[in-house]
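Here the structure comes first, spelled out in structure tokens, and everything after it is commentary.
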Amino acid sequence: MKNRFCERFGLMVPVVQAPIGSASCPELVAAVSNAGGLGMLSGTWREREVLRGLIRQTQAQTTRPFGVNLVLAWDMTERLELCLEEGVRLLSFFWGNPAAYIPTVHAAGASVFHTVGSADEAREAADCGVDVIVAQGWEAGGHVWGQVSTMALVPRVVDAVPQLPVLAAGGIADGRGIAAVLALGAEAAWMGTRFLLTHEARVHPHYQQRLLQATEADTLYTERFSGGWPQSPHRVLHRPQDWDQSEDIIAHYDDGEAIGKLSSNLPAPGVTGNIDAMCLYAGQSVGLAQEVLTAAQLVARLGEETDQAIRNLWDRQGTMG
């Protein structure tokens, strides 16, 4: 792909792997970047030294760009400083005002991505000095900032900040979706749910099975799993009977730590208990994610599908003409 975003960050395929919480591990992030996409590591809920180790492990597995995401519902000063000390040169911010952090990032020669849910927020972020805008539609899995659909949001944001690259997030799981948001003016797709179904993603196998079985109608926008993060709506797989019958303690980590029924943590490998009652993040694109691949296979397939979708469009137009 030849656009300013892909050229600036060295992407061969216009795909960014969203920072999908604890599922984003060094193996996944590095594999995505090595395959020509852009991997993102979630940094918000990792202890400082754990985050340092994860960054170093990722750096040991790729020489290509990757980023770290920080949620601004809490003070991220220390984690930001750690990231910059460790040589991270791409920071992604979400769920708050990034203005106070941007000078520090730019002083280190790094770039700032920021996720928005409206055109007005995009303008405000651009005025603060953000380098890349992520326009997140309501269809997205995980925590959802706005309430506008991707199809309606992306062109509004593109028009609002023509001086900046815009990435499209929400409801995208294959090359047809990528081609669609490119047509809307985005320069890459920001994808989370589809990357949960990779061999490298750090997720419980039962969670992956639930994702494979789900359809576009099987998700719910809710605030149920807001333990520790109030007023944080999110989209998850929905099966009411699993929630209604659950006890206060629904599962345990492999070290024995209990998991409450309102925990926002997704099920990692080694978790035991009622996995179905846990927070199973998924976007409305989940029905398009129908097999588990390696991250490299997925990025390659997404590139091929995007090219084919664009060719098909031109072929149809030629036939109609």
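The values are calculated or read from the model by the stated rules, or taken from the named source; none is laboratory data. Predicted model, so just to flag it, every value in this text is computed and none were measured. Cβ atoms come from the backbone with ideal geometry, glycine included; neighbour counts cover every protein chain shown. Side chains included, ligands, DNA and RNA excluded: accessible areas come from the protein's heavy atoms. Shrake-Rupley method; radii C 1.70, N 1.55, O 1.52, S 1.80 Å.
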If you compute Cα extents along the principal axes in Å for the structure shown, which of (i) 58, 44, 37; (ii) 58, 40, 40; (iii) 59, 50, 37 do you land on? (iii)
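How much of the accessible area of the stretch 118-243, probe 1.4 Å, is carbon plus sulfur, in whole percent?
50
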Given charges of +1 on the Cβ of Lys and Arg and -1 on the Cβ of Asp and Glu, with all other atoms neutral, how large is the dipole of the stretch 93-162 about its Cα centre, in debye to the nearest 20? 80
Dividing the mean separation of Cα pairs under 8 Å (6+ apart) by the residue count of the chain yields a relative contact order in percent of 17
What accessible area per residue comes out for the chain, rounded to a whole number of Å², with a 1.4 Å probe? 42
Normalised alpha carbon radius of gyration of the stretch 26-83 [divisor 2.2 N^0.38 Å]: 1.10
Rounded to the nearest 20 debye, what is the charge dipole size of the chain about its Cα centre when +1 sits on each Lys and Arg Cβ and -1 on each Asp and Glu Cβ? 720
Please compute the Kirkwood hydrodynamic radius of the stretch 55-122 from all pairs of different C-alpha atoms, in Å with one decimal. 12.6
For the stretch 129-187, what log10 I(q)/I(0) values come out of the Debye formula at q = 0.16, 0.17, 0.23, 0.25 1/Å, with one point per alpha carbon and no solvent? -0.43, -0.49, -0.87, -1.01
Distance between Cα centroids, the stretch 65-111 to the stretch 240-274: provide it in whole Å. 31
Angstrom value of the Kirkwood radius, inverse mean 1/r, which spans all Cα pairs in the stretch 181-321: 17.0
How many nm separate the modelled label positions at M12 and T215, each set 7 Å beyond the Cα in the direction of the Cβ? 3.8
Probe 1.4 Å, all protein chains in place: accessible area of E223 in Å², nearest 10? 100
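Compute the length gained on full extension between D244 and L72: take 0.36 nm times their separation in residues and subtract their Cα-Cα distance, giving the result in nm to one decimal.
My answer for the length gained is 58.7 nm.
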Per DSSP H run of at least 4 residues, take -39500 (n - 2.57); add these up for the chain, divide by its residues and hand me the 222 nm value, nearest 500 deg cm²/dmol. -10500 deg cm²/dmol
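Provide the packing ranking of 154-161, 189-196, i.e. peptides ordered by the mean count of other C-beta atoms within 10 Å per residue, highest first.
Per-residue Cβ counts within 10 Å, averaged per peptide and sorted highest first, yield 189-196, 154-161.
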Can you give me the long-range amide H partners of A188? Hydrogens built in the peptide plane at 1.01 Å from N, cutoff under 5 Å, separation of 5 or more residues or another chain. A168
Once you have a ≥ b ≥ c as the square roots of the Cα gyration tensor eigenvalues for the stretch 100-233, tell me rounded if a/c is under 1.5, and otherwise prolate or oblate according to whether a/b is larger than b/c. prolate
Checking the a/c ratio against 1.5 first, then a/b against b/c, what shape does the Cα gyration tensor give for the stretch 1-147? rounded
With no solvent term and unit scatterers on the alpha-carbon positions of the stretch 194-269, Debye gives log₁₀ I(q)/I(0) at q = 0.14, 0.24 Å⁻¹ of -0.51, -1.43
Net +/- balance of residues flanking D174 in space, Cβ distance below 11 Å, scoring K and R +1, D and E -1: +1
Loop trypsin sites (Lys or Arg not before Pro), the stretch 1-59, which have at most 12 other Cβ atoms in a 10 Å radius of their Cβ (DSSP): K2
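Suppose the chain between E257 and V50 were pulled fully straight at 0.36 nm per residue; how much longer would it get relative to their current alpha carbon spacing?
72.7 nm
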Charge-dipole axis of the chain as Lys and Arg at +1 and Asp and Glu at -1 on Cβ define it, positive-most pick from A122, P162, S149: P162
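Given charges of +1 on the Cβ of Lys and Arg and -1 on the Cβ of Asp and Glu, with all other atoms neutral, how large is the dipole of the stretch 193-316 about its Cα centre, in debye to the nearest 20?
Numbers: 10 positive and 17 negative charges, 67 e Å.
So the dipole magnitude of the stretch 193-316 works out to roughly 320 debye.
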